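Working notes, structure below.
The values are calculated or read from the model by the stated rules, or taken from the named source; none is laboratory data. Just so you know, these numbers come straight off a predicted model, no measurement behind them. Counting neighbours? That spans all protein chains shown, and the Cβs are built from the backbone with ideal geometry, glycine included. Areas reflect the complete protein model, heavy atoms only, side chains present, ligands, DNA and RNA absent. Shrake-Rupley method; radii C 1.70, N 1.55, O 1.52, S 1.80 Å.
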Amino acid sequence: MVLPVKILIDQQTHLAHTVDITGAGARLGGLRALLQLGTSIELQRGSRKAKFQIKWVKQLASNEVQIGVECADPPEKFWGVDLSEQDNASRTEMAALMTLLKGSSKQ
């Protein structure tokens, strides 16, 4: 889902957009500045603000960067959409994957 966001870092504002979103994080694109892994940032979506941490950075071209961000304490409906079904499905898929991996490590 593509949503416009503002990224606030050290009193500077960067414009970006979401590429993928979850209840606790997102992949953001359209960035022009190369940001540092582990940096704490604030995202603003409309009037909502939340603190996130950059978990990965990928430079797609000389003038485009994507980042993966995660929020330790995500506010409810930060993105303005209900993601509870998606998050439940993700947790179920992750549990199934972990069960599969544990089973294959015993062999």
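Within region 14-60, being open to solvent by 40 Å² or more (accessible area, probe 1.4 Å), assigned to a strand (DSSP E or B) and out of contact with any strand residue (DSSP E or B) (no Cβ under 7 Å at 6 or more places or on another chain) holds for one residue alone: Arg48. Residues in region 61-85 that are under 14 Å from the mean Cα position of the chain (by Cα) and part of a strand (DSSP E or B): Val65, Gln66, Ile67, Gly68, Val69, Glu70. Please go through region 4-43 and pick out each residue that is closer than 17 Å to Pro74 by Cα, free of Cβ contacts under 8 Å to residues at least 24 places away in the same chain and among the charged types (D, E, K, R). Answer for region 4-43, where residues must be closer than 17 Å to Pro74 by Cα, free of Cβ contacts under 8 Å to residues at least 24 places away in the same chain and among the charged types (D, E, K, R): just Asp20. Per the listing Glu85, Glu64, the residue uniquely of a type in the set (Asp, Glu) and at pLDDT 90 or above is Glu64.
Note on region 35-58: among residues that are out of contact with any Pro (no Cβ under 9 Å at 6 or more places or on another chain), of a type in the set (D, E, K, R) and under 16 Å from His17 (Cα atoms), the one that is modelled with the lowest pLDDT is Lys58.
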